[in-house]
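The values are calculated or read from the model by the stated rules, or taken from the named source; none is laboratory data. The structure presented is a predicted model; accordingly, all values stated were derived computationally and were not measured. Every residue, glycine as well, gets a Cβ built from its backbone with ideal geometry; the counts of neighbours run over all protein chains shown.
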């Protein structure tokens, strides 16, 4: 008889537990820290020059909150805690937008202590919808949406086509990276960068860059986990 866990591992349809989600958030925080200077330089070209600093401060605060709530097993509550912390600690537009992303993701998986691939896709979709509702951005506006939407769509398409979860996560991260790079020639239509008009073209969007890091962290954290499993 085939062991269920081994069967899931072979098919790549494994679920994510609370600790897996914590590892992803920690990985994202590490990515933000490692890329703080790049994020700051990108934002200096089109914004206030504080995206890297603000995001690092926010993610550091999130890790403190996670450590204090280590007994919590509700993944929805975990994501909401991260979201509320980002709203209260990150300045500029990044705080409300990233806070909304995490809050809406948490709402989508409220009460769950594990997530399957479809749960992750639903959480991501809800989070992105929240960001769009708050920031009023559409694809092509040169914002974080330009990385998040391709990442979301690639994930859904890969899962619908029968890809393993880790393969779908990798395709999601790669699509987000391409979306990030595609912001370079765009003229910003939202946010502080839009004040520059045509001069915003030629610069990679900092929000799209940090959003790529978010999905890259998921692919690296959970992909390795599943393969090592």
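Structure notes:
- Filtered residues of segment 106-143 (kept if within 16 Å of the chain's Cα centre (by Cα), modelled with pLDDT of 95 or more and assigned to a loop (DSSP other than H, G, I, E, B)): 109
- Whichever residue in segment 1-13 is assigned to a helix (DSSP H, G or I) and closer than 27 Å to residue 105 by Cα and, among such residues, is modelled with the lowest pLDDT: 5
- Selection status of residue 193, over 13 Å from the mean Cα position of the chain (by Cα), surrounded by 19 or more Cβ atoms within 10 Å (Cβ to Cβ), modelled with pLDDT under 95 and assigned to a helix (DSSP H, G or I): yes
- Evaluation of residue 101 against (1) farther than 27 Å from residue 167 by Cβ; (2) part of a helix (DSSP H, G or I) (one fails), failing number: (1)
- Helices (runs of 4 or more DSSP H) fully within segment 14-93 counting 2 or more residues that are closer than 27 Å to residue 166 by Cβ, touching a helix residue (DSSP H, G or I) at 6+ places or on another chain (Cβ under 7 Å) and free of Cβ contacts under 8 Å to residues at least 60 places away in the same chain: 18-34, 51-68, 75-89
- Yes/no for residue 152 being over 24 Å from residue 103 (Cβ atoms) and either at pLDDT 95 or above or surrounded by 18 or more Cβ atoms within 10 Å (Cβ to Cβ) (or both): no
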